[in-house]
Amino acid sequence: MTRLTIRRYPDPALKATTEPVSDFGADLATLADDLYETMKAAPGVGITAPHCGILQRLTVIDLPEIGGRRDYVNPEILWAADVMMTHTEGSVSMPGMTDEVTRPEAVRIRYQTLDATVVEEEMQGFAAICMQHEIDQLDGIFWIMRLSRLKRERLLKKWDKATR
């Protein structure tokens, strides 16, 4: 496995929409392994290919709630609960910065596995929050865009100061 370089905010790759994966060959499995290695070293619980400048719809999440490491190819949200929950979020592309984000507490998703098998499943709680966060990233929506303008400006000032 190779540790990839994580792009830092405001890298343009973090605002780009991704292309669906169509090649399910060995290179995809290698990329998933490299993303996992990169995420663990960051450290983080989720990472997308765009975090490393690769504009493909691939995310890797590692949570006990989902049984450990899971690779999601071309994930999409089919349904989101009306009930919302607030959780602290951050990003491997903006280390040390966190804030409270409110999202639906449950989602139904469709994705493909590394061998192109189509799967649908429902996720709840922290796992649902993580999946929504990563799908946002695949859609070019960096997590801070889910904050109010005031919170986002405050966080960006803090980030600017931390990265000088």
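The values are calculated or read from the model by the stated rules, or taken from the named source; none is laboratory data. Because the structure is a prediction, the values reported are computed rather than measured. Neighbour counts are summed over all protein chains in view; Cβ atoms, including those assigned to glycine, are modelled from backbone coordinates with ideal geometry. In case anyone asks, the SASA skips ligands and DNA or RNA and just uses the protein heavy atoms, side chains included. Shrake-Rupley method; radii C 1.70, N 1.55, O 1.52, S 1.80 Å.
Tell me the Kirkwood hydrodynamic radius of the chain in angstroms, computed as one over the mean inverse distance between distinct C-alpha pairs.
Numbers: mean 1/r = 0.0625 Å⁻¹.
So the Kirkwood estimate lands at 16.0 Å.
Residue 76 to residue 118: extension gain in nm, 0.36 nm per residue of separation minus the Cα-Cα distance? Spell out each step's value before the answer.
Values: separation 42, 0.36 × 42 = 15.12 nm, distance 1.14 nm.
The span from residue 76 to residue 118 would gain 14.0 nm if fully extended.
In deg cm²/dmol, rounded to 500, what helix-only [θ] at 222 nm does the chain give when every DSSP H run of at least 4 residues adds -39500 (n - 2.57) and the total is split over its residues? It would help to have the intermediate numbers written out before the result.
On the way: 3 runs with 44 residues, N = 164.
Helix contribution divided over all residues of the chain: -8500 deg cm²/dmol.
Provide the FRET efficiency to the nearest 0.05 for the residue 98-residue 37 pair, computing r from the beta carbons and using R0 = 30 Å. If you can, show how the numbers build up before the last one.
Values: r = 23 Å, r/R0 = 0.77.
It comes to 0.80.
Write down the accessible area per residue of the chain in Å², having rolled a 1.4 Å probe over the full set of protein chains. Mind dumping the intermediate values first?
Values: 8280 Å² over 164 residues.
Computed with neighbouring chains in place, this is 50 Å² per residue.
In the chain, carbon and sulfur make up what percent of the accessible area (probe 1.4 Å)? Mind showing how you got there, number by number?
On the way: 4130 of 8280 Å².
So the carbon and sulfur contribution to the accessible surface is 50 percent.
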